[in-house]
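Engineer: What follows is a structure written as structure tokens; I'll ask about it next.
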Amino acid sequence: PYGKVEPKLEEVEEDGKTYLRPTQPPEAMWKTTPEGLEAIESNDPLAALTQIMNEQRDYTEVFTEILGMCEGDGASINEIKMQVNTNPVLEYPKKTAQFFMDYLDRNDAIEWDGAWKITEVGRKLLQSLGQK
């Protein structure tokens, strides 16, 4: 951390007077711990989404619909809600489009880029669901 770095001083002459001015401290470098590397290696969003799909089979159609809407130019949350929230499968237990979008977003299948858009992970998931 910068708090532990002693700044080096350089002599600067200005208007015939000499001053000492601190130099820029070295750039902080972050190093990944072995535990961090393990976490990165174990992060497999497609596997996590596939597991969610297996656990939530009744909602595969909803996930597929949201991913489809996010292709191309993407979709706004309101567009997705208007289309998805009318699906009868969401009535009991009550769920909304946001519930499914949270899963997709947390697992890198969709991302916000001025609209909700599908990512490479989302495309692979959509293909594994037999779409496209």
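The values are calculated or read from the model by the stated rules, or taken from the named source; none is laboratory data. The model shown is predicted, which means the values in this text are computed figures rather than measured ones. A quick note on method: Cβ atoms are made from the backbone with ideal geometry, for glycine too, and the neighbour counts reach across all protein chains shown. Heads up: the accessible areas ignore ligands, DNA and RNA and are worked out on the full protein's heavy atoms, side chains in. Shrake-Rupley method; radii C 1.70, N 1.55, O 1.52, S 1.80 Å.
Engineer: Enumerate the pairs (first residue in the stretch 15-40 and closer than 21 Å to Lys4 by Cβ and free of Cβ contacts under 8 Å to residues at least 60 places away in the same chain; second residue anywhere and assigned to a loop (DSSP other than H, G, I, E, B) and open to solvent by 100 Å² or more (accessible area, probe 1.4 Å)) with beta-carbon separation below 9 Å, excluding pairs fewer than 6 apart on the same chain, so at least 6 apart or on different chains.
Structural biologist: So the pair list comes out as Pro22/Lys8; Thr23/Lys8; Pro25/Glu6; Pro25/Lys8; Ala28/Pro1.
Okay, residues lined up against (1) among the small types (Gly, Ala, Ser); (2) closer than 22 Å to Leu46 by Cα:
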residue: Ala75; (1), (2): yes, yes
residue: Asn87; (1), (2): no, no
residue: Pro93; (1), (2): no, no
residue: Phe100; (1), (2): no, yes
residue: Asn107; (1), (2): no, yes
residue: Lys117; (1), (2): no, yes
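Engineer: Here's another thing I want to ask about it. Looking at this structure, is Glu79 open to solvent by 80 Å² or more (accessible area, probe 1.4 Å), over 30 Å from Ile40 (Cα atoms), at pLDDT 95 or above and not in a loop (DSSP other than H, G, I, E, B)?
Structural biologist: Judged against the criteria, Glu79 is a match.
Engineer: Hey, can you tell me all the residues within the stretch 73-99 that are touching a residue at least 24 places away in the same chain (Cβ under 8 Å) and not basic (Lys, Arg)?
Structural biologist: Asp73, Gly74, Ala75, Ser76, Ile77, Ile80, Asn87, Val89, Leu90, Ala97
Engineer: What number of residues in the stretch 107-122 are touching a residue at least 12 places away in the same chain (Cβ under 8 Å) and surrounded by 12 or more Cβ atoms within 10 Å (Cβ to Cβ)?
Structural biologist: 10
Engineer: Take the stretch 36-47 and flag every residue that is surrounded by fewer than 16 Cβ atoms within 10 Å (Cβ to Cβ) and closer than 14 Å to Gly122 by Cα.
Structural biologist: Once the filter is applied, which keeps residues that are surrounded by fewer than 16 Cβ atoms within 10 Å (Cβ to Cβ) and closer than 14 Å to Gly122 by Cα, the stretch 36-47 yields Asp44, Ala47.
Engineer: Scan (1) in contact with an Asp or Glu (Cβ under 9 Å, 6 or more places away or on another chain); (2) assigned to a helix (DSSP H, G or I); (3) of a type outside the set (A, V, I, L, M, F, W, C); (4) in contact (Cβ under 8 Å) with a residue 40 or more places away in the chain for the single condition Tyr59 breaks and write down its number.
Structural biologist: (1)
Engineer: On to the next question. Tally up the residues in the stretch 82-106 that are open to solvent by 20 Å² or more (accessible area, probe 1.4 Å) and either charged (D, E, K, R) or touching a strand residue (DSSP E or B) at 6+ places or on another chain (Cβ under 9 Å) (or both), please.
Structural biologist: 7
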